[in-house]
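Below is one structure, written out as structure tokens; the observations come after it.
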Amino acid sequence: MKDLLDIRDLRVNFMTEAGIARAVDGIDVSIAPGQTLAIVGESGCGKSVTSRAIMGLIQPPGWIEGGEIWFAARQGPTDLAQLPPNGRQINAIRGSEITMIFQEPMTALNPVLKIGAQIMEPLLLHEKISKSEAKERAIASLAAVGISSPGQRFDEYPHNLSGGMRQRAMIAMALVCNPSLLIADEPTTALDVTIQAQVLDLMKDLRRDFSGAIMFITHDLGVVATMADHVMVMYRGKVVERAAVRDLYRHPLHPYTQGLLRSVPSIAGRGAKRLATIEGSVPRPTERIRGCAFAPRCPHAMPVCKQDTPALAPVQQDHRAACFLHHAVAEEQAHAA
């Protein structure tokens, strides 16, 4: 198996009062060892559900409708989509080979257990080491993520730590077992702007020093330029564009990607300027839409866009886009260059 993670036609549904919600609707994703992939899109586009499917955390009323999630586990290639959510195999992988940094550390951390005990837990569960060795590695992990006085923080409860320190403790817990794949699900969303910058700086350092692959999930294209090797843009459960970071920023092909990039503030801009917005909102996942889901919001929509769904097709080398106009856009950009 060449890739560390290879997702094929993944579909995840949820039963709701309004009917079946197609949260992830047939996506293909691959991550090579050591690669950082950023998944970008508005809220409700399926980013977090994708990560939870990988972790085996889809619980009723949700279920994996179909597809494969191949992971290069230590015991050999494993289709995570076929594993029972609470079975022995996924429990051996989750928290050890695949770990996750959640959005809100105050709800992800157990409020009645000390920080040190929570960081030691995956070590004692997955590795045959003594409690004293686990404590030593937990303190070292706290120090590695920039927590001062890590020995003292080891014996404190989550409420004793600031929001930024709690997120650092979550990162320490995710890294303590040296995973092959680290998933960071909007790790700065619940933090104030100053602490966000500090955590992002820490994530950049981790990207440089961490030997495994990283899946970085965010709604903000502005933070991924220095964080990722490749970017995958999702819209309403589907992948609409995927490319290397430089290619995507220089030559965005999908109108949705172009809209997201126009809405990113620029420090180079002079004077007060109203940010561009994408009119409308993401359709509800229970809605049945014919054609391209972005067509109602797209300024370039054609009649065919409302009749047929465009496939994610290669345009230039590894650059793919799901848009009937993408070849014309690529041609226009090539002439302008």
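The values are calculated or read from the model by the stated rules, or taken from the named source; none is laboratory data. The model shown is predicted, which means the values in this text are computed figures rather than measured ones. Note that each Cβ is placed from the backbone with ideal geometry, even for glycine, and that neighbours are counted across all protein chains shown. With ligands, DNA and RNA removed, areas are computed over all heavy atoms of the protein, side chains included. Shrake-Rupley method; radii C 1.70, N 1.55, O 1.52, S 1.80 Å.
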Can you name the residue in the stretch 81-113 that is in a loop (DSSP other than H, G, I, E, B), closer than 30 Å to Asp155 by Cα and small (Gly, Ala, Ser) and is also least open to solvent (accessible area, probe 1.4 Å) among such residues?
-> Ser96
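Can we say Met15 is of a type in the set (A, V, I, L, M), under 13 Å from the mean Cα position of the chain (by Cα) and in the same structural domain as Tyr235 (by TED's automatic domain parsing)?
Details: of a type in the set (A, V, I, L, M): yes; under 13 Å from the mean Cα position of the chain (by Cα): no; in the same structural domain as Tyr235 (by TED's automatic domain parsing): yes.
So Met15 does not fit the description; no.
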Tally, over the stretch 1-19, of residues that are open to solvent by 50 Å² or more (accessible area, probe 1.4 Å) and in a strand (DSSP E or B) = 6
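Return a yes/no flag: does the stretch 242-250 have any residue that is assigned to a loop (DSSP other than H, G, I, E, B) and of a type in the set (A, V, I, L, M, F, W, C).
So the first thing to find is which residues in the stretch 242-250 are assigned to a loop (DSSP other than H, G, I, E, B), and the list is none.
No: the stretch 242-250 contains no residue that is assigned to a loop (DSSP other than H, G, I, E, B) and of a type in the set (A, V, I, L, M, F, W, C).
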The condition from (1) part of a strand (DSSP E or B); (2) in contact (Cβ under 8 Å) with a residue 40 or more places away in the chain that Ser30 misses is numbered (2)
Among Val282, Val264, the single one that is aliphatic (A, V, I, L, M), open to solvent by less than 50 Å² (accessible area, probe 1.4 Å) and either closer than 20 Å to Lys238 by Cα or at pLDDT 90 or above (or both) is Val282
